[in-house]
Amino acid sequence: MSTSALHQTINNPLDLAWVRQQFPSLKLQVNGHPAAFLDGPAGTQVPKQVMDAVQNYFLNANANTCGAFETSRRNDATIASARAAMADFFNCDTDEVVFGQNMTTITFALSRALARELKPGDEIVVTTLDHDANVAPWRALEEKGVVIRQAGIREADCTLDLDDLKKKITAKTKLVAVGYASNAVGTINPVAEITKLAHAAGALMFIDAVHYAPHGSIDVPSLDCDFLACSPYKFFGPHMGTLYGKREHLLRFSPYKVRPAPNSLPDRWETGTQVQELIAGIGAAVDYIAELGRRCDPSAKDRRSALLAAYRATRQHEMTLLAQLIPGLLTIPGLRFFGITDPAHFNDRCSTVSIRLANHTPAETAKFLGDRGIFTWDGNYYALNLTERLGVEQTGGLLRIGLVHYNTSDEVDRLLVALREFAS
Ligand SMILES: Cc1ncc(COP(=O)(O)O)c(C=O)c1O
């Protein structure tokens, strides 16, 4: 995998007890069972710090931006501070960070803006592995004559077929849109390498990092991508989306905007009044991850170093859980596994897996588990190209189990026991 964070040693392992104390909702009980949140890919739980920041906005800073009075100034400061946090998160400058309603809405807005410079016959490459939020906004440009080409997968392990992708990128390609990690099967794509291919063909690179963001650190300078989007509610923050864009592109492309709104960066991309209370929560989410990092590496000097330390520790914890989960799943009779199972290739996956049980639909399996306090997800999770390609779309899709850093070995055990019971 491409981030250095995954290859360095860590000072202290994850302090799981401390982590779980930060998340009040992890104490929930369902039908007499402790809730096991294995639904992180659909949205993670939030630490107390995020709740406090949202409340603090309403108590002390609830006003629109740029007013000549105290609460408005506080709101401006909160937004600036959240933007600085996201700049550390992406490793970019603050004017390259755009906030928006969610990744899908941001990506549709971006595709409309890019379309102003596209002509019929221009091509965009998407993939079979991606969430539809990184497919539909580009497919929408077909009505302008843009041609969409779709790179395939290797079905055996649900990895991208890079040979096919290379063939699909041609002199006509204007944009390559690829996910950093699959929200369905957990595959991590070699996005830095794909960016080089895109740039060699004169195309822009858009990375959907929504699924990757809770699992690995993001370093846009080393990726060299042109755009990268992710959603704070997948990395312990509130329900919003964020976009990194290279400054030159954010200046050059023209978003649709109202005339009185500033034309400067990044404001021109943030249409209308933002969900300011949640932007406050985004800053707190990044600071929570940094706090975790400082506990793992007290020598981390700045927030960026602390974020990297946190991701080294969370990655190690998630891989330990994965090494328990996958072999356990593979012993369950009638279980079909989708994605990488070989530990030698775990560097190419994150801790999200999809399965099916023979004789049970994913919805039935999710209900059985849910009744026992184990929260998983069934269906296509909007990774529609993939469920269609795997031939499971008509029969209920897949069952997804997502592990993040607050999950425990006990939760994995409970899941395996329950699945074994249901399968037998
Ligand atoms: C990989 C991936 N991309 C994009 C999205 C869409 O993100 P949002 O809900 O912020 O629009 C999701 C949501 O599940 C996702 O998992």
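The values are calculated or read from the model by the stated rules, or taken from the named source; none is laboratory data. In this text, all values refer to a predicted model and were calculated from it rather than measured experimentally. As a convention, Cβ positions derive from the backbone with ideal geometry for all residues, glycine included, and neighbour counts pool all protein chains shown. Ligands, DNA and RNA are stripped out before the accessible areas are found, and what is left, the full protein with its side chains, is counted by its heavy atoms. Shrake-Rupley method; radii C 1.70, N 1.55, O 1.52, S 1.80 Å.
Annotations
- Calculation over all alpha carbon pairs of segment 1-146 in 5 angstrom steps from 0 returns a P(r) of 2, 7, 9, 11, 14, 15, 14, 12, 9, 5, 2, 0 percent.
- Bridge type composition, segment 157-313 - antiparallel percent by DSSP, nearest 5: 40 percent
- Estimated FRET transfer efficiency when R0 is 45 angstrom, pair ALA261-ALA42 (beta carbons, to 0.05): 0.85
- Counting protein heavy atoms only, the chain has 52 percent of its accessible area on carbon and sulfur, 1.4 angstrom probe.
- In the full protein context, segment 13-162 carries 43 Å² of accessible surface per residue, based on a 1.4 Å probe and ignoring ligands, DNA and RNA.
- Gap separating the Cα centres of segment 130-176 and segment 346-424, nearest whole Å: 26 Å
- Diffusion coefficient (Stokes-Einstein, Kirkwood radius over C-alpha pairs, 4 °C, 1.567 mPa s) for segment 107-260: 82 µm²/s, rounded to a whole number.
- The residues of segment 364-424 expose, per residue, 40 Å² of accessible area to a 1.4 Å probe.
- ASP93-SER409 pseudo-label distance in nm [points 7 Å out on the Cα-to-Cβ vector]: 4.8 nm
- Remark: the chain is approximated by an ellipsoid whose semi-axes, taken from the C-alpha gyration tensor as √(5λ), come to 33, 29, 19 Å, largest first.
- Per residue of the chain, the DSSP helices (runs of n ≥ 4 H) give a summed -39500 (n - 2.57) that works out to -12000 deg cm²/dmol at 222 nm.
- Computed FRET value (nearest 0.05) for LEU59 with ALA171, which takes r as the C-beta separation and R₀ as 56 Å: 0.50
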